[in-house]
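Chemist: Can you keep this structure in mind? I'll have questions shortly.
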Amino acid sequence: MMQPHAELDPRYSSEGAAAPAWADTEALLVGAELFWISTVRPDGRPHVTPLPAVWSEGALHFCTGPEERKAKNLAANPHVVLTTGTNLWNKGYDLVVEGEARRVADEGRLRELAAAWEAKYGGFWHFDVRDGYFHHGAGHAAVFSVAPRVVLGFGKGEPFSQTRWRFS
């Protein structure tokens, strides 16, 4: 993956703030346990829900049952925003990942991602792979990949900062 171009926005950054290195930002995406996904319903209303996600090979990956609202929304409009961070105003770092969700159906890749889910979240998140889906108990889930077009980072607490990474 090519390194994204970082731009610190001085309007929303403390004097002397600097854009974090992409490697540090990527480490936050790897370690984050919970993300909020925003999709758009067919009638244009927003839909937001929490979910676990795995960062792998330059993209965030999440899964959802084919009958869930977010899957139905993605069938009509693949544009998504995934956010993670803290609920504190003056401490931590928040991230916003913008991109398009693309379905992952290759079984070899799905097995790699299933192993990544279990390594990150433990045995509760064990998935079997067959027929292009994750299987867990009686249910199955489609897996989606979101390669970022833009990532926004918000450093909270001195120094405050706002950074935009653009991807080619």
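The values are calculated or read from the model by the stated rules, or taken from the named source; none is laboratory data. Since this is a predicted model, take the numbers as computed values, not measurements. All Cβ positions, glycine included, derive from the backbone under ideal geometry; neighbour counts span all protein chains shown. Please note that ligands, DNA and RNA were not included when accessible areas were found on the heavy atoms of the full protein model with its side chains. Shrake-Rupley method; radii C 1.70, N 1.55, O 1.52, S 1.80 Å.
Chemist: When you scan the stretch 118-134, do you find a residue that is under 16 Å from the mean Cα position of the chain (by Cα), more than 21 Å from Ala21 (Cα to Cα) and outside any strand (DSSP E or B), even just one?
Modeler: The answer is yes, given that some residue of the stretch 118-134 is under 16 Å from the mean Cα position of the chain (by Cα), more than 21 Å from Ala21 (Cα to Cα) and outside any strand (DSSP E or B).
Chemist: Only residues that are in contact (Cβ under 8 Å) with a residue 60 or more places away in the chain and loosely packed, with under 15 Cβ neighbours inside 10 Å: list them for the stretch 66-118, please.
Modeler: Hits for the stretch 66-118 are Pro66, Thr86, Leu88, Trp89, Asn90, Lys91, Gly92.
Chemist: Related question: Name the one entry in Leu113, Leu74, Leu51 that is under 30 Å from Asp131 (Cα atoms) and within 10 Å of the chain's Cα centre (by Cα).
Modeler: Leu51
Chemist: Follow-up. Residues in the stretch 152-167: is at least one farther than 30 Å from Glu15 by Cα and of a type in the set (Gly, Ala, Ser)?
Modeler: Looking through the stretch 152-167, none of the residues is farther than 30 Å from Glu15 by Cα and of a type in the set (Gly, Ala, Ser).
Chemist: If I filter the stretch 135-145 down to residues being at pLDDT 95 or above and more than 18 Å from the chain's Cα centre (by Cα), which single residue comes out as surrounded by the most Cβ atoms within 10 Å (Cβ to Cβ)?
Modeler: Among those that are at pLDDT 95 or above and more than 18 Å from the chain's Cα centre (by Cα), it is His140.
Chemist: Another question, if that's okay. Considering only residues that are open to solvent by less than 30 Å² (accessible area, probe 1.4 Å), part of a loop (DSSP other than H, G, I, E, B) and in contact with a Ser or Thr (Cβ under 9 Å, 6 or more places away or on another chain), look in the stretch 27-54 and name the one that is farthest from Asn87 (Cα to Cα).
Modeler: Ranking the qualifying residues of the stretch 27-54, first place goes to Ala53.
Chemist: A further question on this structure: Of all residues in the stretch 66-103, which are small (Gly, Ala, Ser) and in contact with an Asp or Glu (Cβ under 7 Å, 6 or more places away or on another chain)?
Modeler: First, pick out the residues of the stretch 66-103 that are small (Gly, Ala, Ser): 71, 75-76, 85, 92, 99, 101.
Residue satisfying the conditions is Gly85 alone.
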